[in-house]
Amino acid sequence: MTHRKLLQTAAALAADYLDSLPTRAVAPTVAALDSLRALDRPFPERPTDPLAVLRELDARGSPATIASAGGRFFGFVVGGSLPAAVAANVLAAAWDQNAGITVLAPGAAAFEAVALRWLLEALHLPPQAAGGFVTGATMANFTCLAAARYALLERSGWDVEADGLFGAPPLTVVVGDEVHVSVVKALGLLGLGRSRVVRVPTDGQGRMRADRLPPLDSRTIVCIQAGNVNTGACDPVGEVSRAAHESGAWLHVDGAFGLWAGAAPARAPLVAGVEDADSWALDAHKWLNVPYDSGVALCRDAAALWRSMAPGPAAYLVHGSTREPDDYTPELSRRARGVEIWAALASLGRTGLADLVERCCRHAACFAAGLDAAGYEVLNDVTLNQVLVSFGDDAKTRRVIEGIQADGTCWCGGTVWHGRAAMRISVSSWATTEDDVERSLAAMIRVARAVA
Ligand SMILES: *Cc1c(COP(=O)(O)O)cnc(C)c1O
């Protein structure tokens, strides 16, 4: 079996899969899920031809997917994958580079460095910021908060990387009451405690109330959010960053998807001021629409990120004079994520990226207007890409969500918003067209009326 035949078959199957999405139900059928049971067989004694392996993967795996790569998946906050990014992923898989170290992957390191510079430019963040290419916003939050922990303790005369947290001066962490669970998890991993955080009350859109901030000092990390996972709202950056910087606190932004608003001129005011923060967690697999898994940790103080992440001396780790990718991430060996980010940004350009973000926001506004006109209650101010809708009482809303998922035209998830059950629509994919929005809206209204 030659590489060529196998990879051409894989590419053809992948293209067939993507071509099937416009007409396929978004959720897999019961038969598709049943077929997965055949996988439960003993570890084979002998080799199988790779082409046969690939064919089984396609026959059983492709139908058992959620069609989140298509234009009618609106669950969680999940982007599709841009054509250039999927293609880059395929090529980079063939390269099989260990992108952690420049001597092992000079090309990947160069693409990554350029991707970092372009990202900072696209989002109007400080050009001198350092960045690490990690698995997603959870690890981006972890990485940024490790840098914050290092920097604040270093200013207090304590080297946390060398001496750990036992006996260290205490740090305070302030978060909004609707902080993403991944920030809280990262704080736990860092020894800063999941429950030790000070929670600031939030307003009707889930934004931290700046007037309720506790006193801050130079041993406080303040975590704000750009893009509430329910409403899409951004915390009041200006007020919080003034308070943080007057007191010497560290300001971290969890901007997994919301930071991308900065790339679209009409939406950028929603996140104005984020550039004044000290660190930023960003997802690329959400709104930049690159394949999983891909996030970026960005830190104004490059030295703090480097001091908290660089692996330290090892005789066999040959480091040159250029930026070493593994000096900025928890991982040592890893895949070449920066290549896909580079490909996505290169294919979009500034106008294409702005258009991707803006289009998703416009689609979200169409959903909100259409559902409102049909008599259903939109619960949030739809300023970004997120819509929360109630179809009546909680039980009815839950039945409608189940009905919509079973109908298969589109897929939306449920949430509880300020005590009420709601359906959450997140428009985060380049692949969503106006026709997708119309078809999905019609299906939502049809199912909701049938449930009534
Ligand atoms: C999605 C999300 C995260 C977690 O990101 P992962 O990529 O799933 O690790 C963190 N914060 C916010 C605001 C998010 O939307």
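The values are calculated or read from the model by the stated rules, or taken from the named source; none is laboratory data. What you see is a predicted model, and the numbers here were worked out from it, not measured in a lab. Cβ sites come from the backbone with ideal geometry, for glycine too, and all protein chains shown count toward neighbours.
Selection of first residues in the range 43-59 that are within 21 Å of Ser20 (Cα to Cα) and of second residues that are among the aromatic types (Phe, Trp, Tyr), restricted to Cβ pairs under 6 Å at least 6 apart or on distinct chains, gives an empty result. Among the residues of the range 164-183 satisfying the criterion of being crowded, with 19+ Cβ neighbours inside 10 Å and aliphatic (A, V, I, L, M), which is farthest from Ala281 (Cα to Cα)? Within the range 164-183, the match that is farthest from Ala281 (Cα to Cα) is Leu171.
In the range 273-281, is there at least one residue being closer than 23 Å to Ser81 by Cβ and within 12 Å of the ligand (Cβ to nearest atom)? Step through it out loud before you land on a result.
Taking the range 273-281 as the starting set, the residues that turn out to be closer than 23 Å to Ser81 by Cβ are 280-281.
Still in the running and within 12 Å of the ligand (Cβ to nearest atom): 280-281.
Yes, because at least one residue in the range 273-281 is closer than 23 Å to Ser81 by Cβ and within 12 Å of the ligand (Cβ to nearest atom).
Against the list (1) assigned to a loop (DSSP other than H, G, I, E, B); (2) surrounded by 19 or more Cβ atoms within 10 Å (Cβ to Cβ); (3) under 19 Å from the mean Cα position of the chain (by Cα); (4) not basic (Lys, Arg), the condition Asn380 fails is (3). Number of residues in the range 234-262 that are farther than 16 Å from His180 by Cα, within 16 Å of the ligand (Cβ to nearest atom) and among the small types (Gly, Ala, Ser): the value is 2.
Within the range 133-144, can one find any residue that is touching a strand residue (DSSP E or B) at 6+ places or on another chain (Cβ under 7 Å), of a type in the set (Gly, Ala, Ser) and crowded, with 23+ Cβ neighbours inside 10 Å? Yes: the range 133-144 contains one or more residues that are touching a strand residue (DSSP E or B) at 6+ places or on another chain (Cβ under 7 Å), of a type in the set (Gly, Ala, Ser) and crowded, with 23+ Cβ neighbours inside 10 Å.
Yes or no, residue by residue, for (1) over 16 Å from the mean Cα position of the chain (by Cα); (2) within 30 Å of Arg337 (Cα to Cα); (3) within 15 Å of the ligand (Cβ to nearest atom); (4) part of a helix (DSSP H, G or I):
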| position | (1), (2), (3), (4) |
| --- | --- |
| Phe133 | no, yes, yes, no |
| Thr138 | no, yes, yes, yes |
| Cys144 | no, yes, yes, yes |
| Ala147 | yes, yes, no, yes |
| Tyr150 | yes, yes, no, yes |
| Leu165 | yes, no, no, no |
| Ala168 | yes, no, no, no |
| Leu192 | yes, yes, no, no |
| Ser195 | yes, no, no, no |
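Which one of Leu371, Leu356 is within 28 Å of Asp283 (Cα to Cα), buried (at least 20 other Cβ atoms within 10 Å of the Cβ) and modelled with pLDDT of 95 or more?
Details: Leu371 fails: within 28 Å of Asp283 (Cα to Cα).
Checking each option against the conditions leaves just Leu356.
With the condition kept exactly as written, say whether any residue in the range 71-93 is among the hydrophobic types (A, V, I, L, M, F, W, C), without any contact (Cβ under 8 Å) to a residue 24 or more places away in the chain and either touching a Lys or Arg at 6+ places or on another chain (Cβ under 6 Å) or in a loop (DSSP other than H, G, I, E, B) (or both). No. Go through (1) modelled with pLDDT of 95 or more; (2) of a type in the set (Val, Ile, Thr); (3) farther than 30 Å from Ala443 by Cβ; (4) in a loop (DSSP other than H, G, I, E, B) one by one and return the number of the condition Ile341 breaks. It is condition (4) that Ile341 fails.
Within the range 170-190, restricting attention to residues that are of a type in the set (A, V, I, L, M) and in contact with a helix residue (DSSP H, G or I) (Cβ under 8 Å, 6 or more places away or on another chain), the residue that is farthest from the ligand (Cβ to nearest atom) is Leu171.
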